[in-house]
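Structure first, then comments.
The values are calculated or read from the model by the stated rules, or taken from the named source; none is laboratory data. No experiment lies behind these values; they were computed from the predicted model shown. Reconstructed Cβ throughout: ideal geometry from the backbone, glycine too, with neighbour counts over all protein chains shown. Quick note on the areas: whole protein, heavy atoms, side chains included, nothing else; ligands and nucleic acids left out. Shrake-Rupley method; radii C 1.70, N 1.55, O 1.52, S 1.80 Å.
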Amino acid sequence: DNGKADIVVASNVFAHLDEYHDIIENVKRILSENGTYIVEVQYFADMIRDMTFDNIYHEHVLYYTLHSMINLFNKHNMTVYNVEKIPTHGGSIRAYISEGKSPQQSVNDLIREERENGIDNLQTLEKFNDKLQKNIKEIRELFNRLNKENKRIFGYGAPAKSSTMINSIGLNNNNVELIIEDSPLKQGLFTPGSHIPITGPEILEKETPDYLMIFAWNYADEIIKKVEEKYSKMNYIIPMPELRIIQNK
């Protein structure tokens, strides 16, 4: 009733869609002649580079490179004319898409970077898998050793991606006593498959684990700062993008 839209924004929802062709056609219907569709998605090339495999879970139907996004929108006579790399979710891209516009230098530069890094090469994916399996093995061996030493391990952060990590490593409530989560919506629940209880951070007022495994690893610095300002210094396990152990006790 009020005319067509100059801008349509889809931030961190486009990769959740399996009916993406229908979505794109309906976006075209509501865009003005020179309108722009802005799409923000996790960037597959960053996932490969930084080993953020825990971003692979049920909500994400597809994982985009700029190359694949260009191919998709070309099928609908739309052009990715600008792109930005942003830090959201461990690495994302924000693409600007329209009809009748020409690609800017940012698009050409990122396409060239993808080719130089071999993102379109099967061997790159095989190397990613080899490195990932090595990382998972190291974490599993660390937990086996700590469990044999009867160390108490708490987790911190129960985002959706933590379930990918927990179940890939093979952790459960025998390895991780509990997971601390700031969101009240998750407190009192259990992690899927592994049945680790989720509680609030106030548990640290009464109990101090030997190690705190930071499942929300991309916020590790903020979590460590918050924990040590409010509670006490402790040892940390940061699993990604490479396994790190911070000893403070």
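Considering the stretch 176-239, the qualifying strands (runs of 3 or more DSSP E), each wholly inside and each with 1 or more residues that are under 19 Å from Arg145 (Cβ atoms) and open to solvent by less than 60 Å² (accessible area, probe 1.4 Å), run over 211-214, 235-238. Taken over the stretch 160-175, the criterion of being among the polar types (S, T, N, Q), surrounded by 15 or more Cβ atoms within 10 Å (Cβ to Cβ) and in contact with a strand residue (DSSP E or B) (Cβ under 9 Å, 6 or more places away or on another chain) is satisfied by Ser162, Asn175. Restricting attention to the stretch 218-249, and to residues there that are aromatic (Phe, Trp, Tyr) and out of contact with any Lys or Arg (no Cβ under 9 Å at 6 or more places or on another chain), which single residue is farthest from Lys161 (Cα to Cα)? Here the residue is Tyr231. In the stretch 106-123, is there at least one residue being over 22 Å from Asp54 (Cα atoms), in contact with a strand residue (DSSP E or B) (Cβ under 6 Å, 6 or more places away or on another chain), of a type in the set (Lys, Arg) and open to solvent by 30 Å² or more (accessible area, probe 1.4 Å)? Within the stretch 106-123, none of the residues are over 22 Å from Asp54 (Cα atoms), in contact with a strand residue (DSSP E or B) (Cβ under 6 Å, 6 or more places away or on another chain), of a type in the set (Lys, Arg) and open to solvent by 30 Å² or more (accessible area, probe 1.4 Å). Any residue that is more than 30 Å from Glu126 (Cβ to Cβ), of a type in the set (D, E, K, R), in a helix (DSSP H, G or I) and open to solvent by 10 Å² or more (accessible area, probe 1.4 Å) - is there at least one of those in the stretch 28-45? Yes, the conditions are met somewhere in the stretch 28-45.
Being open to solvent by 10 Å² or more (accessible area, probe 1.4 Å), assigned to a helix (DSSP H, G or I) and either more than 26 Å from Arg115 (Cβ to Cβ) or touching a Lys or Arg at 6+ places or on another chain (Cβ under 6 Å) (or both) is a description that does not apply to Ile48. Evaluating Val9 against the criteria (1) open to solvent by 20 Å² or more (accessible area, probe 1.4 Å); (2) closer than 30 Å to Ile238 by Cα; (3) touching a residue at least 12 places away in the same chain (Cβ under 8 Å) leaves one unmet condition, (2). Does Asp120 meet the test of being at pLDDT below 95 and of a type in the set (Asp, Glu)? Against the criterion (at pLDDT below 95 and of a type in the set (Asp, Glu)), Asp120 qualifies. When residues of the stretch 138-159 are filtered for being in contact with a helix residue (DSSP H, G or I) (Cβ under 9 Å, 6 or more places away or on another chain) and part of a helix (DSSP H, G or I), how many remain? Count: 3. For the stretch 55-67, taking the residues that are in a helix (DSSP H, G or I) and modelled with pLDDT of 85 or more, the one that is farthest from Phe14 (Cα to Cα) is identified as His67.
Would you confirm whether or not the stretch 78-92 contains a residue that is loosely packed, with under 13 Cβ neighbours inside 10 Å, out of contact with any Lys or Arg (no Cβ under 7 Å at 6 or more places or on another chain) and closer than 21 Å to Asp6 by Cα? No: zero hits. Taken over the stretch 12-26, the criterion of being among the β-branched types (Val, Ile, Thr), out of contact with any Asp or Glu (no Cβ under 9 Å at 6 or more places or on another chain) and either open to solvent by 10 Å² or more (accessible area, probe 1.4 Å) or farther than 30 Å from Ala160 by Cβ (or both) is satisfied by Ile23 alone.
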